[in-house]
Every structure is written in structure tokens, then in C-alpha cells.
Amino acid sequence: MRGTDSHTPVTAPPKRRRIGSVEVLAAVLIALLLFRQPLASVLSTPRLQTWTTVFVSVMVQATPFLVFGVALSAVIAVFVPRSFWAKALPKHPALAVPVASCAGVILPGCECGSVPIAGSLIRRGVTPAAALAFLLAAPAINPIVLTATAVAFPNNPEMVVARGVASVIVAMLMGWLWLRLGKAEWIRLPHRPELDDLSRWRAFWAACRHDIVHAGGFLVLGAMAAATINVLVPESVLQRVADQPVLAVIALAGLAVLLSICSEADAFVAASLSQFSLTARLAFLVVGPMVDLKLISMQAGVFGRRFALRFAPATFVTAVVVAAGIGWVLL
């Protein structure tokens with residue numbers, strides 16, 4: 001028996017060609033050309049036009065702030081040293097939570113930008129409880145949102161105070177709840193490109209590209225879901241529950257989740273729901289920036305599905321209870 005020649009070259013199996021984005025785009029364009037007539041008739045239906053309008057409006061509102069948040073997240077990841085956060089926040093996690101909640105006032109953006117920023121803070125060594133408190137507070141208490149609320153409710157300036165106070169309380173409660181019950185394995189931050197061997201500006205652009213692709217995809221999914229539910233929910237449902245105080249609060253809180261409106265615009269939508277009480281509309285304003293479909297999708301993309309499935313329902317319940325309490329006291 002002849003032995004096997006150890007020097008015989010081994011032929012590598014041929015690599016399977018993967019279908020890339022160019023091939024997918026070409027297939028979509030060909031399909032659009034082949035089926036342009038039936039597609040034109042389908043797209044002309046009122047329900048689909050409404051769906052398209054809602055989807056585009058959500059994306060137009062959210063995308064600039066997502067880009068801003070991703071850029072700020074990359075700045076935090078690349079240019080801000082870890083030692084800064086050790087000095088800026090109290091060392092005790094329980095004290096870091098309220099400081100991080102109040103720090104949300106400095107971020108002029110919405111929930112779309114706060115998600116990647118919170119993920120970057122955790123990567124830079126900030127305790128998750130403080131980063132999550134910042135995530136919840138920033139979209140609701142920053143100057144742009146509070147100014148928009150004041151403009152939307154010119155005859156009810158107490159709505160601005162109620163929104164700010166309720167949002168900060170919810171953020172702090174959720175941060176402390178995470179300290180008490182949260183587990184590190186529930187947060188699964190996506191794999192980041194190795195930035196240590198790159199120059200600062202190359203690392204900055206690499207981080208931006210990574211977060212835009214990762215968070216932007218989930219934003220699209222959330223906007224699609226919000227548009228679909230927006231078309232399916234009849235307006236008559238709102239009229240039936242407006243006169244029932246408890247049900248009205250729950251209904252508008254649920255509506256805030258479904259509509260997925262950015263916090264810069266939600267005050268004007270709440271003001272238009274004049275058949276509801278101020279407390280119910282406050283629940284809409286407190287819940288929306290903290291729990292909505294696109295935000296849940298983005299949280300699942302940045303932190304993992306196990307995190308989103310636990311964090312979002314707990315935040316919703318806490319926000320509804322706090323909004324109802326603050327509304328009863330201040331409104």
C-alpha cells in the first residue's frame with residue numbers, strides 16, 4: 001500500500017458566490033419594470049397612499065436625529081476618553097442614575113438618536129442603569145421638545161412642567177429598577193469594528209457606518225409597522241374611549257406606541273386630540289419618547305431582543321402610572 005503524499009496540494013472547494021445588495025437592487029428594478037402596470041393600480045388605492053404617507057413622515061422626522069445620534073455616538077466612542085465618564089458621573093450607580101437623567105436636557109434630539117448614544121455610553125464604561133436613564137430622559141426633556149410642547153399648548157403651560165417632571169421621574173425609576181433587577185447578560189451590544197488600530201477620523205467614520213446600518217435597518221422596520229397599524233386602527237375607536245378617564249389614559253398611551261412619532265412632533269399631535277383630557281394627552285407625551293414601535297425595534301437591534309422584551313413593557317407600565325399621577329396633581 002502506498003502512503004499518501006503529504007506534499008500533494010489540496011484543491012480548495014470553490015467559493016459560493018453570495019448574493020449582494022447590487023444583485024438584489026437589480027432584481028427589484030427588473031420586477032418593477034415587469035409589473036409596473038399592476039403596481040400602479042395598487043399604489044393608487046387610498047389605504048396604501050395613507051400607509052406610504054405615514055411611513056415617509058416617520059422616516060423623514062426620525063432620520064436626521066438618527067444621523068445626529070449616530071455621529072454623537074461615534075464622537076463618544078472615539079474622541080471622549082473613558083476617564084471623562086468616571087469624572088462626570090458619580091461613582092455610586094444609584095447616584096449616577098438621577099445625574100444621567102437630568103443630563104438628558106443637553107441633547108437636542110429625539111429617541112432615534114438617544115439609542116445609539118446610550119449604547120456608546122455603555123461601551124465607554126458607563127453603568128447601564130445610568131445610560132438607560134439617559135436614553136429615556138433625553139428625548140423628552142431636551143430644550144427642543146419642551147419648546148415644541150409649549151408652542152403646542154399655549155393655553156396650558158403646566159403641560160411643559162408636567163411632561164418634564166414625569167419624564168425625569170420615569171427615567172430615574174427605570175434606572176433604579178435596572179440596578180435592582182437587571183442582568184448584564186440581557187444586554188447584547190452588536191459586534192463593533194475594531195477601532196484601536198485606526199486613526200481617529202477613520203475610526204469615527206467606521207463607527208458611523210456600522211451604527212447607521214445597524215440602527216437604521218431597525219428604524220425602517222419600526223416605521224413600516226407604525227404605518228401598517230396607523231392604517232388599520234379606525235378613528236372611531238378614539239371617540240368611544242375619550243369620555244372614560246382611565247381607559248382614555250391607557251388608549252392614548254397605547255396610541256403613542258403605535259404611532260411612533262418623534263418627540264419633536266408628538267406635542268402637536270397630542271394637542272389635536274382635544275376630545276381627550278390633559279392627563280390622557282400627558283400619558284401620550286410621556287410614553288411616546290420612551291416606548292414606541294420604532295424605538296423597540298431599534299433597542300432590539302442595539303441592545304438585543306432579550307433586553308427589549310423586558311425593558312419596553314416595564315417602561316410602558318411605569319410611564320403610564322407616573323403620567324397619570326403627575327397629571328392628577330398638576331393638571
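The values are calculated or read from the model by the stated rules, or taken from the named source; none is laboratory data. Keep in mind that this is a model prediction, so the values were computed, not measured. FYI the Cβ positions are ideal-geometry reconstructions off the backbone, even for glycines, and counts take in every protein chain you see. In case anyone asks, the SASA skips ligands and DNA or RNA and just uses the protein heavy atoms, side chains included. Shrake-Rupley method; radii C 1.70, N 1.55, O 1.52, S 1.80 Å.
A few comments on the model shown:
- The range 135-174: number of residues that are of a type outside the set (Val, Ile, Thr) and over 16 Å from Ala314 (Cα atoms): 19
- Residue in the range 268-281 that is out of contact with any helix residue (DSSP H, G or I) (no Cβ under 7 Å at 6 or more places or on another chain) and within 18 Å of Pro157 (Cβ to Cβ) present: yes
- Restricting the range 237-247 to residues that are surrounded by fewer than 16 Cβ atoms within 10 Å (Cβ to Cβ) and closer than 22 Å to Leu293 by Cβ, the residue that is modelled with the lowest pLDDT is Val237.
- Only one entry of Ile106, Ile144, Ile122, Ile117 meets the criterion of being modelled with pLDDT under 85 and open to solvent by less than 10 Å² (accessible area, probe 1.4 Å), and that entry is Ile117.
- Contacts under 7 angstrom Cβ, first residue in the range 308-326 being free of Cβ contacts under 8 Å to residues at least 40 places away in the same chain, partner assigned to a helix (DSSP H, G or I) and not small (Gly, Ala, Ser), 6 or more apart: Ala308/Ile296; Ala308/Gln299; Ala312/Ile296; Ala312/Gln299
- Failed condition for Leu282, given (1) under 14 Å from Gly164 (Cα atoms); (2) under 13 Å from the mean Cα position of the chain (by Cα): (2)
- Residue in the range 280-291 that is buried (at least 22 other Cβ atoms within 10 Å of the Cβ), at pLDDT below 80, among the small types (Gly, Ala, Ser) and touching an Asp or Glu at 6+ places or on another chain (Cβ under 7 Å) present: no
- Every pair of residues 6+ apart whose Cβ atoms lie under 6 Å, when the first sits in the range 147-174 and is within 14 Å of Val105 (Cβ to Cβ) and open to solvent by less than 20 Å² (accessible area, probe 1.4 Å) while the second is in a helix (DSSP H, G or I) and hydroxyl-bearing (Ser, Thr, Tyr): Arg163/Thr149; Ala171/Ser101
- Check on Val231, part of a helix (DSSP H, G or I), open to solvent by less than 40 Å² (accessible area, probe 1.4 Å) and at pLDDT 85 or above: no
- All of (1) in contact with a Cys (Cβ under 8 Å, 6 or more places away or on another chain); (2) open to solvent by 30 Å² or more (accessible area, probe 1.4 Å) hold for Ile250 with one exception: (1).
- Tabulated pairs, the range 235-254, first touching a residue at least 40 places away in the same chain (Cβ under 8 Å), second among the aromatic types (Phe, Trp, Tyr), C-beta under 8 angstrom, 6+ apart or interchain: Ala253/Phe284; Ala253/Phe316
- Against the test of being assigned to a helix (DSSP H, G or I), among the aromatic types (Phe, Trp, Tyr) and under 27 Å from Ala148 (Cα atoms), the options Phe316, Phe307 yield a single qualifying residue, Phe316.
- Asp266 being open to solvent by less than 10 Å² (accessible area, probe 1.4 Å) and either over 27 Å from Leu135 (Cα atoms) or modelled with pLDDT of 75 or more (or both): yes
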